[in-house]
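As structure tokens, the structure follows; a few thoughts come after it.
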Amino acid sequence: MSADPSNDPTPGDLSRCLRQALDQYFEALDGFPPGDLHRMLIEQTERTLLGRVLELAEGNQRRAAEILGINRSTLRKKVRQYELLDHPSRRSSVGGSAADSQP
């Protein structure tokens, strides 16, 4: 949060950012119809959200799960699903025990 409350984000800000990103995506398609947009958007949004929150929580999965409002086991399942621990740039920031990274 910022020191100036008038600059604090509101829930509508996220919707506005998403709409802008979608507008840019559709413009980049240049008239080509998108395919499987719902699945693609959900997967990419979830992957990005999980990775960013894990970075914010400094790799602490318990804290990340609390921020996300999900169970820690659900978070671990999704970390494996999206292979977030397998990315070299995230290995040190996502953290977890060696057992967490085993299939």
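The values are calculated or read from the model by the stated rules, or taken from the named source; none is laboratory data. This is a predicted model, so every value here is computed, not measured. Quick reminder, even Gly has a Cβ in these numbers, built from the backbone with ideal geometry, and neighbours come from all protein chains shown. In case anyone asks, the SASA skips ligands and DNA or RNA and just uses the protein heavy atoms, side chains included. Shrake-Rupley method; radii C 1.70, N 1.55, O 1.52, S 1.80 Å.
Criterion applied to 27, 43 was being out of contact with any Cys (no Cβ under 7 Å at 6 or more places or on another chain), at pLDDT 90 or above and open to solvent by 80 Å² or more (accessible area, probe 1.4 Å), and the one residue passing it is 27.
Kindly check whether there is at least one residue in the stretch 84-93 that is crowded, with 16+ Cβ neighbours inside 10 Å, of a type outside the set (Phe, Trp, Tyr), assigned to a helix (DSSP H, G or I) and at pLDDT below 50. Taking every residue of the stretch 84-93 in turn, at least one turns out to be crowded, with 16+ Cβ neighbours inside 10 Å, of a type outside the set (Phe, Trp, Tyr), assigned to a helix (DSSP H, G or I) and at pLDDT below 50.
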